[in-house]
Amino acid sequence: MAAALTDEEWSTLRAIPEQDLVEMAVDLDVLVPEHIDPRALIDRCLLLVLDRAREEGLPFSKYDQDDLSALPPDHRVAVARLQGLPAHASVGRILRAGQKVYRRYLKTRPDNAVALLLPTLLPALARLASELEVP
């Protein structure tokens, strides 16, 4: 399988602490090897986050508005679709849908690594969703 991350995205994401990566992997039910390849682990986790998002959406907080607004239009359309919204949904509507998911996360998965890392992962996740043509 091809890598989910571009080299440019990896240069940004390589700063994520290993413990945060492990926590995200555990939340996504990934068996973490003794010796971690951070890029491969992020690749795997991104695909699993997309799978989960197809079922329940992405968990956004009110602080994610600028990150959503900064996405290219086709990537924002992919995120809207992940949220179960029409392609033309506004950033505000995407954010509101994500806040509902975030509230569920707070009840069932407090301090969830996926929710905490989402702002950092969002550009790569949105690009990947766009390329995979998420319905």
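The values are calculated or read from the model by the stated rules, or taken from the named source; none is laboratory data. This is a predicted model, so every value here is computed, not measured. Cβ: placed from backbone, ideal geometry, glycine included. Neighbour counts: every protein chain shown.
Restrict the check to the range 103-120 and report whether at least one residue is of a type in the set (S, T, N, Q), touching a residue at least 60 places away in the same chain (Cβ under 8 Å) and not in a helix (DSSP H, G or I). Please lay out each step first, then the result.
Within the range 103-120, the subset of a type in the set (S, T, N, Q) is 108, 112, 120.
Imposing the further condition that a residue be touching a residue at least 60 places away in the same chain (Cβ under 8 Å) reduces the set to 112, 120.
Filter again for not in a helix (DSSP H, G or I), leaving 112.
Within the range 103-120 (the criterion being of a type in the set (S, T, N, Q), touching a residue at least 60 places away in the same chain (Cβ under 8 Å) and not in a helix (DSSP H, G or I)), the answer is yes, since at least one residue qualifies.
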Close pairs from the range 21-48: first within 20 Å of residue 122 (Cβ to Cβ), partner small (Gly, Ala, Ser) and part of a helix (DSSP H, G or I), Cβ under 6 Å, at least 6 apart = 23/113; 24/113; 27/113; 41/25; 45/25
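Residues checked against (1) over 26 Å from residue 23 (Cα atoms); (2) among the hydrophobic types (A, V, I, L, M, F, W, C):
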| residue | (1), (2) |
| --- | --- |
| 45 | no, yes |
| 52 | no, no |
| 62 | no, no |
| 72 | yes, no |
| 102 | no, no |
| 114 | no, yes |
Spot the failing condition for residue 86; the list is (1) in a helix (DSSP H, G or I); (2) modelled with pLDDT of 95 or more; (3) more than 15 Å from the chain's Cα centre (by Cα), and only one is missed.
-> (1)
Selection within the range 56-68 - without any contact (Cβ under 8 Å) to a residue 60 or more places away in the chain and either surrounded by 13 or more Cβ atoms within 10 Å (Cβ to Cβ) or touching a strand residue (DSSP E or B) at 6+ places or on another chain (Cβ under 8 Å) (or both) | 56, 57, 59, 60, 61, 64, 65, 67, 68
Here the qualifying pairs (Cβ atoms under 7 Å; residues six or more apart or on different chains; first in the range 85-96 and under 14 Å from residue 69 (Cα atoms); second part of a helix (DSSP H, G or I) and among the hydrophobic types (A, V, I, L, M, F, W, C)) come out as 89/80; 91/68; 94/68; 94/79; 94/80; 95/68
Select from the range 7-20 the residues that are part of a helix (DSSP H, G or I), within 20 Å of residue 127 (Cα to Cα) and among the charged types (D, E, K, R) and list them in ascending order.
-> 7, 8, 9
